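Presented below is the structure to which this report refers.
The values are calculated or read from the model by the stated rules, or taken from the named source; none is laboratory data. Small disclaimer: the values here were computed from a predicted structure and weren't measured. Every residue, glycine among them, receives a Cβ derived from its backbone with ideal geometry; neighbour counts consider all protein chains shown.
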Amino acid sequence: MHSATHQAIAAVWRIDAARIVAVVARMVRDIGVAEELAQDALVAALEHWPRDGIPDNPAAWLMTTAKRRALDHLRRAKMLDDKHQEIGHDLEAQEALVVPDFVDALDAARRDDIGDDLLRLIFTACHPVLSTDARVALTLKLLGGLTTHEIARAYLVPEPTIAQRIVRAKRTLGEAGIPYEVPRGAELAQRLASVLEVVYLVFNEGYTATAGGDWMRPELAQEALRLGRMLAEIAPQEPEVHGLQALMELQASRMAARTDAEGRPILLPDQDRSRWDHLLIRRGLAALARAEALGGARGMYALQAAIAACHARAATAAATDWSKIAALYGELAQVAPSPVVELNRAVAVGMADGPAAGLAIIDRLAEEKSLRQYQWLPSVRGDLLAKLGRREEAKAEFLRAAELAGNEREREFLLSRAGSL
């Protein structure tokens, strides 16, 4: 019985932890303290629910308990008088003093406030003052609901390292005096880009793992999807938020078809498209349509989503509109120029206009310093050379790519390509 209760607590916590931390952080203005107080509420649930039963509204019970802990904290710190006017305007904080434990703290009448709190939390956790690694770890902890152990396991990093990143991140935010707020004006676009970057980094690590023995880490991709959907709900007028959601939904739709029964990679042209998740495809296309309707068709994520949509709409690999994909990559290269975008454009051009045309682009990238340790450059070059019948050169490129690969499955795949030649 206790095991079932603990599982229920874990499920509620994973879903609602971010909202609880966000609301408490608004009250105490300190993310580290807010997380501790939310954890106190979780401990209280672990103590009371196995004995008293699961409440009718578990999320509201946790929210109310956490807010009461926050008020106790403010009293102990002798800050309540200083905060009284601010808290007096906070309907939720007032209710925490007088309402019963099982009040519905998440009802529709207050959902906008919760959304504002989540936005504050996301923008704070992804603040550019933090390193990228710190932003990713803090976001997964506070907004993804992952434990330090889960984050460490997903990124193949020692648990103490992740713990230190999170502690340092919270300390840095405090020492830098980062305000707990949603930025306004010109700063909003810059800061939103940081938020979207973090979410997409998490998704990419789940979609194609950089190291370890697995080609993918689905749990990370799912967390990123959840964060992306959350952002789309609380920032519905931002086209790039919908562009990123569309991109992740469309990419995630192919995950079940990306490996065989032994976990070996299956490239896009060889995938069984009946295994693609058509619900995710519909969600992705709808999100892309929203981004375009908001004027964001040329956004960085929307353009990548449009490319993914070309694949999603093709009933077979042969039906793929590679000319359109190549054109979209050309647009993306103007909006967000990078050697990796150009590498992907080379693949599309090679499919649309023939391998020689793609190889010409690849050869221009050969001296790009940022790609010298990037395994997909020799891999793509090897594929184009193989199509041109230059088998020995292709084999050498696949072997070089295998040497650069950090993921074991990736390395095995590249070696098999070399062996087939």
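If the condition is being among the polar types (S, T, N, Q) and under 24 Å from the mean Cα position of the chain (by Cα), then the range 333-346 contributes S338, N344. Of the residues examined, L192 is one that is assigned to a helix (DSSP H, G or I) and in contact with an Asp or Glu (Cβ under 8 Å, 6 or more places away or on another chain). Scan the range 290-308 and tell me whether some residue there is within 25 Å of R184 (Cα to Cα) and acidic (D, E). Yes, the range 290-308 contains a residue that is within 25 Å of R184 (Cα to Cα) and acidic (D, E).
Can you tell me which of L303, L280 is in contact with an Asp or Glu (Cβ under 8 Å, 6 or more places away or on another chain), assigned by TED's automatic domain parsing to the domain that holds E249 and either more than 14 Å from L244 (Cβ to Cβ) or not in a helix (DSSP H, G or I) (or both)? Talk me through it step by step, then tell me what you get.
Working: L303 fails: either more than 14 Å from L244 (Cβ to Cβ) or not in a helix (DSSP H, G or I) (or both).
Among L303, L280, only L280 is in contact with an Asp or Glu (Cβ under 8 Å, 6 or more places away or on another chain), assigned by TED's automatic domain parsing to the domain that holds E249 and either more than 14 Å from L244 (Cβ to Cβ) or not in a helix (DSSP H, G or I) (or both).
Take the conditions (1) assigned to a loop (DSSP other than H, G, I, E, B); (2) under 30 Å from D260 (Cβ atoms); (3) among the aromatic types (F, W, Y); Y180 misses just one of them, which is (2).
Listed by first and then second residue, the pairs linking a residue in the range 47-70 that is farther than 24 Å from R26 by Cβ to a residue that is among the β-branched types (V, I, T) and surrounded by fewer than 16 Cβ atoms within 10 Å (Cβ to Cβ), with Cβ atoms under 7 Å apart and 6 or more places separating them unless they lie on different chains, form an empty list. Residue count for the range 145-164, restricted to those that are under 22 Å from N407 (Cβ atoms) and either in contact (Cβ under 8 Å) with a residue 24 or more places away in the chain or assigned to a helix (DSSP H, G or I) (or both): 12. Listed conditions (1) within 20 Å of L227 (Cβ to Cβ); (2) modelled with pLDDT under 85 are all met by L156, apart from (1). Here W49 clears all of (1) more than 27 Å from the chain's Cα centre (by Cα); (2) modelled with pLDDT under 85 except the condition numbered (2). Restricting attention to the range 264-308, the residues that are of a type in the set (G, A, S), in contact with a Leu (Cβ under 7 Å, 6 or more places away or on another chain) and in contact (Cβ under 8 Å) with a residue 24 or more places away in the chain total 4. The number of residues in the range 368-389 being surrounded by fewer than 17 Cβ atoms within 10 Å (Cβ to Cβ) and farther than 13 Å from V340 by Cα comes to 3.
Taking the range 230-277, which residues are among the basic types (K, R) and outside any helix (DSSP H, G or I)?
Of everything in the range 230-277, those that are among the basic types (K, R) and outside any helix (DSSP H, G or I) turn out to be R254, R258, R264.
For the condition over 24 Å from L414 (Cα atoms) and not basic (K, R), what is the one hit in A317, A305, A261? Spell out how you get there, then give the answer.
Working: A317 fails: over 24 Å from L414 (Cα atoms); A261 fails: over 24 Å from L414 (Cα atoms).
Selected residue: A305, the only one of A317, A305, A261 that is over 24 Å from L414 (Cα atoms) and not basic (K, R).
For A169, the criteria (1) crowded, with 19+ Cβ neighbours inside 10 Å; (2) among the aliphatic types (A, V, I, L, M); (3) closer than 22 Å to Q245 by Cα hold in every case but one, which is (3).
Out of everything in the range 246-263 that is hydrophobic (A, V, I, L, M, F, W, C) and in contact (Cβ under 8 Å) with a residue 40 or more places away in the chain, what residue ends up being farthest from A289 (Cα to Cα)? It would help to see each step written out before you state the result.
Our first condition is that a residue be hydrophobic (A, V, I, L, M, F, W, C); within the range 246-263, this holds for 246-248, 250, 252, 255-257, 261.
Restricting the remaining residues to those that are in contact (Cβ under 8 Å) with a residue 40 or more places away in the chain gives 246-248, 250, 252, 255.
Working: A246: 9, L247: 12, M248: 14, L250: 13, A252: 18, M255: 22 Å.
My answer is M255.
Could you grab me the full set of residues in the range 155-193 that are of a type in the set (S, T, Y) and touching a Lys or Arg at 6+ places or on another chain (Cβ under 7 Å)? The answer is Y180, and nothing else. Has the range 309-332 got any residue that is in a helix (DSSP H, G or I), under 20 Å from the mean Cα position of the chain (by Cα) and in contact (Cβ under 8 Å) with a residue 60 or more places away in the chain? Yes, that holds for at least one residue.
Residues to consider are V28, V43; find the one that is of a type outside the set (S, T, Y) and surrounded by fewer than 17 Cβ atoms within 10 Å (Cβ to Cβ).
Details: V28 fails: surrounded by fewer than 17 Cβ atoms within 10 Å (Cβ to Cβ).
Residue meeting the stated conditions: V43.
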